[in-house]
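S.K.: Please see the structure below; I have some questions.
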């Protein structure tokens, strides 16, 4: 139900969110009117034959038998698997011998044994006069185009994650951190993941995490789970993983669908802008799922100034995904790539952005077909795991991986025997095969064949009659003439003047010397992500430690644009006299953000900032003399904030930190909350109707520690903002104290000595 982030059955009914694959247009128009047609093959007659065959297997036989199945795990005589045991063994044999001839046997099995993917119905056209392989660009240039899939530290064991990262760095490739954060000890070392992923959950996304990246990947979707977000079972979240993700051990971690901070292409453009300020040296990639309509989204991504768009195919979902998440979800990358290439060319955008593909990539021929269809970069996921010892036991989600690749259990991790040299050998063999094919085609580089669909030939298989009905030719036609087929620029940056550069010019010398700096600026709503660029330089020089408290003190007057104070670092204190748009303090790591209105008395009745503020924050403090919009503190993992009221979804998916609301809040307080706590002033007596009792309960404050924590936070709020609301509460603290509730996750109920009403007389709001 959650695959597309749609939570009610009625919302699926008639919504036509499905793609059809291998159904002819006439069938779809008659029986599934309006549903997208991605690839045609079968009509009503073929459907009838298939239905009768299944019927006859049950009724027209003396001994009806259920087939073996084998949809999830390989079974002899059952469903065919691309990574069948003998294919896996063939790759492992090559890794034992390092003999390229053994790799060629693996490649032959993977490509020719059983047509599984659309690319198996396609091949490349050989030249009448092949060229010597010495004239083809070297392996090193080809390897630069290879990346590994977003497999998180948590889904994979630390050992497996680091082996892939080191192998990629030694080869000049890029490994992907996945959405689980990364151990800071690895930053800027041979074990650093060059691609840092930023998913909806924002696990472990610190200024230093972003600063250590060569690429930053925004995971809008993945092929195996188009709208669901990532997930890690609680039994894989040990102390180490929880620390990296700023969460609680043993608690299942789910990235909510991207709806929490990306509602439109404009929101995506804002996040791209944020990340380019957080690391001006990194390229930004947006990962999309291959499905009907992805070309339109890719065009929007290009206009939003992303440097790379990734089209992710349905194969994959390794490491942690449950069975229901990786079947019947997503489409072939070949279909998504075809639509993306056409749309970008038609809109004169293809020369501005690189196209990357992933999903079931295994061999040099896969790379060649991807390039001919329009891709410049290529992602390998499962293949990289198999190269370090994975045997496709399909126990990733159970934490019982027998080879120690996809587990956090020390007993199984001890079995890990993966070697950096093996992963390197595999990718070098793929690159060598690419060179050989380019020589056969008579071309000297991959650049020469990108988007050259005229060099593709269709393959049919006599032993698989269905292959002859698939109208794969449609993928190769209809591309505009005389338009660029590949990216022609190094970066796709916005050339407009940037207020961040002006601030950085003032502040950078003081950052370098670690000296105090203070200045006031005028700010307007067109000034976005201010002053995030200074955090990059603090992170590069001082890493996670940052600067001493209040080293950099910047005051702004006016209305701030979106993402004011995003990824704020330690030692940076920002004061805004005025108001702000969405995303204030997004990804905040340290320092302080202070918001004060100008000339407003009833601060708790006036909105001072927009939606989705303090999103994914990990540390630091925020004090705002006014109300916040909706989704305040989503995925807060350690920041402290005092505001004077919020909209709906306060503290959603929160895993740590403290939030104080000195005013009314909206519905769904604490949805998905597993850590931290909140103090909420409930003057109207309506909070009991606004809590998400599936995740939290509320009780009155008990004990001097809690009362003193609340009082001191309100005092700090008053000292920083001069809030009339805070002054009123402090002046009548005993009276207001009885109207405060402490909201606590059910996950912490057992550790809360006051959580059981029959043990002590504490008023509790719970189901």
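The values are calculated or read from the model by the stated rules, or taken from the named source; none is laboratory data. Computed from a predicted structure; not experimentally measured. Heads up, the Cβs are rebuilt from the backbone with ideal geometry, glycines too, and the neighbour counts pull from every protein chain shown.
S.K.: If a residue has to be buried (at least 24 other Cβ atoms within 10 Å of the Cβ) and under 19 Å from residue 666 (Cβ atoms) to count, how many in segment 625-645 make the cut?
M.R.: 13
S.K.: Considering (1) part of a loop (DSSP other than H, G, I, E, B); (2) over 30 Å from the mean Cα position of the chain (by Cα); (3) at pLDDT 95 or above, say which one residue 182 fails and leave the rest.
M.R.: Result: residue 182 passes all but (2).
S.K.: Right, another one. On the basis of being more than 16 Å from residue 247 (Cα to Cα) and part of a loop (DSSP other than H, G, I, E, B), does residue 642 make the cut?
M.R.: In short, no.
S.K.: In segment 385-396, what residues are in contact with a strand residue (DSSP E or B) (Cβ under 9 Å, 6 or more places away or on another chain) and over 16 Å from residue 315 (Cα atoms)?
M.R.: Result: 387, single match.
S.K.: Hey, another quick one. Hey, does segment 377-390 have a residue that's touching a residue at least 40 places away in the same chain (Cβ under 8 Å) and surrounded by fewer than 18 Cβ atoms within 10 Å (Cβ to Cβ)?
M.R.: no
S.K.: Then there is this: Are any of the residues in segment 458-466 touching a residue at least 40 places away in the same chain (Cβ under 8 Å), in a helix (DSSP H, G or I) and buried (at least 17 other Cβ atoms within 10 Å of the Cβ)?
M.R.: The answer is no; no qualifying residue exists.
S.K.: Moving on. Need the failing condition index for residue 41 against (1) surrounded by 12 or more Cβ atoms within 10 Å (Cβ to Cβ); (2) at pLDDT 90 or above; (3) under 30 Å from residue 424 (Cβ atoms), just the number.
M.R.: Of everything listed in (1) surrounded by 12 or more Cβ atoms within 10 Å (Cβ to Cβ); (2) at pLDDT 90 or above; (3) under 30 Å from residue 424 (Cβ atoms), residue 41 misses just condition (3).
S.K.: Mind checking whether some residue in segment 49-65 is in contact (Cβ under 8 Å) with a residue 40 or more places away in the chain and within 29 Å of residue 457 (Cβ to Cβ)?
M.R.: No, because not a single residue in segment 49-65 is in contact (Cβ under 8 Å) with a residue 40 or more places away in the chain and within 29 Å of residue 457 (Cβ to Cβ).
S.K.: Considering every residue within segment 617-624, establish whether at least one is more than 25 Å from residue 729 (Cα to Cα) and crowded, with 24+ Cβ neighbours inside 10 Å.
M.R.: For segment 617-624, residues more than 25 Å from residue 729 (Cα to Cα) and crowded, with 24+ Cβ neighbours inside 10 Å: present.
S.K.: Follow-up question, since we're still on this one. Go through segment 417-451 and count every residue that is surrounded by fewer than 19 Cβ atoms within 10 Å (Cβ to Cβ), touching a residue at least 60 places away in the same chain (Cβ under 8 Å) and not in a helix (DSSP H, G or I).
M.R.: Qualifying residue count, segment 417-451: 4.
S.K.: Still on this model: Output the residues belonging to segment 340-353 that are under 15 Å from residue 311 (Cβ atoms) and surrounded by fewer than 24 Cβ atoms within 10 Å (Cβ to Cβ).
M.R.: 342, 343, 345, 349
S.K.: If you don't mind, there's one more thing I want to ask. Could you check segment 488-511 and list, in sequence order, the residues that are more than 17 Å from residue 527 (Cβ to Cβ) and in a loop (DSSP other than H, G, I, E, B)?
M.R.: Within segment 488-511, 488, 489, 490, 491, 492, 493 qualify.
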